[in-house]
Amino acid sequence: MLALISLALSLFVLVLFARGILSWIPNKTGVLRSIDDVVFRLTEPVLAPVRRVIPPMGGIDVSFIVVIVAIYIVRAVFLR
């Protein structure tokens, strides 16, 4: 069970990285727009509460970095 949770957290980190990369691409169309929509829907429920506590700094959204660090901390503490 712990291996499955660890895998899910690792996959979520990859989705977060995908969101970061996709955020740099303007004017997404076609398949890329669909992928961006799915990635947004998967990550926004986790990122929005963090963003309310830690607003963007200098126009840079650091919420996904905070979530990634939190995931690695959870994995280190609970999934040894």
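Assorted remarks:
- Selection status of Ile21, without any contact (Cβ under 8 Å) to a residue 40 or more places away in the chain, assigned to a helix (DSSP H, G or I) and within 12 Å of the chain's Cα centre (by Cα): yes
- Considered as a group, the residues in segment 66-75 that are open to solvent by 50 Å² or more (accessible area, probe 1.4 Å) and not β-branched (Val, Ile, Thr) include one that is farthest from Gly20 (Cα to Cα), and that residue is Arg75.
- Condition check for Leu47: open to solvent by 50 Å² or more (accessible area, probe 1.4 Å) and either closer than 24 Å to Leu4 by Cβ or not in a helix (DSSP H, G or I) (or both): no
- Residue ID - farthest from Ser6 (Cα to Cα), chosen from residues in segment 55-65 that are surrounded by 12 or more Cβ atoms within 10 Å (Cβ to Cβ) and not acidic (Asp, Glu): Val62
- Lone unmet requirement of (1) under 26 Å from Met1 (Cβ atoms); (2) modelled with pLDDT under 90; (3) of a type in the set (A, V, I, L, M, F, W, C) for Leu16: (2)
- Positions within segment 1-16 being assigned to a helix (DSSP H, G or I), open to solvent by 60 Å² or more (accessible area, probe 1.4 Å) and without any contact (Cβ under 8 Å) to a residue 12 or more places away in the chain, in sequence order: Ala3, Leu4, Leu7, Leu11, Leu14
- Within the option set Arg33, Arg52, Arg80, Arg41, being open to solvent by 50 Å² or more (accessible area, probe 1.4 Å), at pLDDT below 90, of a type in the set (D, E, K, R) and out of contact with any Phe, Trp or Tyr (no Cβ under 6 Å at 6 or more places or on another chain) holds for one residue only, Arg80.
The values are calculated or read from the model by the stated rules, or taken from the named source; none is laboratory data. Here the structure is a predicted model, which means the values were calculated and not measured. Every residue, glycine as well, gets a Cβ built from its backbone with ideal geometry; the counts of neighbours run over all protein chains shown. With ligands, DNA and RNA removed, areas are computed over all heavy atoms of the protein, side chains included. Shrake-Rupley method; radii C 1.70, N 1.55, O 1.52, S 1.80 Å.
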